Amino acid sequence: MGHDHADTLHLRIVMAMAHSRVGRNDAAVALAEPALADHERVLGADAQQTITARMLVAVLYGNLDHHAEALSLAERTLTDSERVCGPDDPATESMRTFVTKLRKPAEET
């Protein structure tokens, strides 16, 4: 497996999430952003694995209270997931729920 192998790309996102879970937020973002860019470059923006990676990065931003970034990325991901996977796909439904959750604090202020 090389740097651009699909499994390697996925593991880079998983590593970012692991860093976030233990409070290493700067390291998490430093890993996640280039990993997502590589997903898009290697697999394409519409690849299901890229859409999943984008969803995980949006969740990471949400967990770090970067709500504007999280919402922007989540809305893009939802649109792509609806188009690529279908509106009733479980991943699409999860993203829809996440977008709704992110919108609530913005609506309350």
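Some observations on this one:
- None of Asp46, Asp80, Asp65 is acidic (Asp, Glu) and at positive phi except Asp65.
- Conditions (1) closer than 21 Å to Glu93 by Cβ; (2) not in a loop (DSSP other than H, G, I, E, B): number failed by Asp46: (2)
- Residue count, region 1-51 (criterion: more than 19 Å from Arg76 (Cβ to Cβ) and either buried (at least 18 other Cβ atoms within 10 Å of the Cβ) or of a type in the set (D, E, K, R) (or both)): 10
- Scanning region 57-79 for residues that are assigned to a helix (DSSP H, G or I) and either over 12 Å from the mean Cα position of the chain (by Cα) or of a type in the set (A, V, I, L, M) (or both) yields Val57, Ala58, Val59, Leu60, His67, Ala68, Ala70, Leu71, Leu73, Ala74, Leu78, Thr79.
- Neighbours by Cβ (under 6 Å, 6+ apart or cross-chain): first from region 40-56, modelled with pLDDT of 90 or more; second outside any helix (DSSP H, G or I): Val42/Asp4
- In region 30-72, the residues that are farther than 18 Å from Phe98 by Cβ and either touching a Cys at 6+ places or on another chain (Cβ under 8 Å) or of a type in the set (Val, Ile, Thr) (or both): Val42
- Asp7 vs. criteria outside any loop (DSSP other than H, G, I, E, B) and at pLDDT 95 or above: no
- Among the residues of region 84-99, those that are assigned to a helix (DSSP H, G or I) and in contact (Cβ under 8 Å) with a residue 24 or more places away in the chain comprise Val84, Ala91, Ser94, Met95, Phe98, Val99.
The values are calculated or read from the model by the stated rules, or taken from the named source; none is laboratory data. Not measured: the values here are computed from a predicted model. Don't worry about glycine lacking a Cβ; one is built from the backbone with ideal geometry, like all the others, and counts go over all protein chains shown.
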